[in-house]
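Taking it in order: structure first as structure tokens, then the write-up.
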Amino acid sequence: MIRIFIALVPFILSLNANLNAAEDQSTVLITGSNRNIGFEFVKQFANKGWRVIATTRSIDSADELIEFSKENNNVIIEQLDITNDEHLRNLKKKYNDDVIDVLLNNAAYTPRYLSSFRGIDGVDHEATRKSFEVNTIGTMKVIQAFISNVEESNNGKIINLSTKAASFEERPEIPMMYSYAMSKAAMNSMVKTLSFETAEKNIIVIAISPGTVNTTLGMGLMGAIDIDESVSKMMVVIENITMDANGLFLDYEDGRVIGW
Ligand SMILES: NC(=O)c1ccc[n+]([C@@H]2O[C@H](COP(=O)([O-])OP(=O)(O)OC[C@H]3O[C@@H](n4cnc5c(N)ncnc54)[C@H](OP(=O)(O)O)[C@@H]3O)[C@@H](O)[C@H]2O)c1
């Protein structure tokens, strides 16, 4: 009997270790995770062994994400249009009791109209409304839905993808991308305001610039970096931030502070 028990000890220990690993597994919820920067975040968090709740507004057009999730059972795909209250309610209900360690607000709308690069006369009102609906209000709604899940984490972080185009200090000094820049500046203001609440909840909230990245949004601009470089560097920043960063706007490259 004793011999059987001794023979089983390594098995029992390894079972225990696996259970602990599952219990210790951190969770990230990512919005807009079907393509470009959002999808790269899914891949990099998944490869680090995180449980990834990868949300996309249309599962039907998320082919690459679906393929990736088939090979990575730590990736769960969920539908979420961040402007859709029903989607938000359903998702909250499903994950109500889950701890979310990182809430990653990546989803955004970027108007593609040519007047993005023209003056005030050409700014499209509908595109401006939609920019605020998605980039500002949508991002805020995601936080409202899931901040209580982040509060349950011992190391909770709310990360919001912003842009230097929204920085008063570092924006390009040309009249461009009114709607996008305005909506992201408003999101930044929400981040700053929220930081006075998160300080009490032991949550770190930041805005982060991914740099100019080779996506359609980067539009082949000079000096644009590849998606994996941007995300790898943001991963380091996200991993290393402490409460000192709460309420700051940081750069992807090295976590330096960007002026609002
Ligand atoms: N690329 C850059 O150079 C750059 C520079 C500065 C900041 N950023 C920021 O970095 C983030 C990612 O950029 P990206 O270049 O990867 O953007 P992207 O290629 O335009 O992708 C945006 C993502 O957001 C999703 N999305 C749009 N509206 C949504 C909604 N209402 N609900 C849920 N998801 C929605 C899109 O889904 P669909 O596929 O369904 O449209 C897509 O997955 C954005 O916040 C962007 O503002 C990017």
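Derivation of every value follows stated rules applied to the coordinates shown; laboratory data play no part. Here the structure is a predicted model, which is why all the values come from computation and not from measurement.
Below is a table of values for the structure above.
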| item | result |
| --- | --- |
| Kirkwood estimate for segment 87-234, i.e. one over the average of 1/r between Cα atoms, Å | 16.4 |
| Antiparallel bridge percentage (DSSP; both residues within the chain; nearest 5) | 5 |
| Per-residue [θ]222 nm for the chain (sum of -39500 (n - 2.57) over DSSP H runs n ≥ 4, rounded to 500) | -14000 deg cm²/dmol |
| Size-normalised alpha-carbon gyration radius of the chain, reference 2.2 N^0.38 Å | 1.10 |
| Rounded tilt (10° steps) of 85-94 against the dominant C-alpha axis of the chain | 20 |
| GNM flexibility winner over the chain from Asn160, Asn96, Asn105 (Cα, springs under 10 Å) | Asn96 |
| Greater than 19 Å apart at Cα, pairs in Lys94/Lys130; Lys43/Lys164; Lys48/Lys233 | Lys94/Lys130; Lys43/Lys164 |
| C-alpha long axis of helix 178-201 to longest principal axis of the chain, angle in ° | 40 |
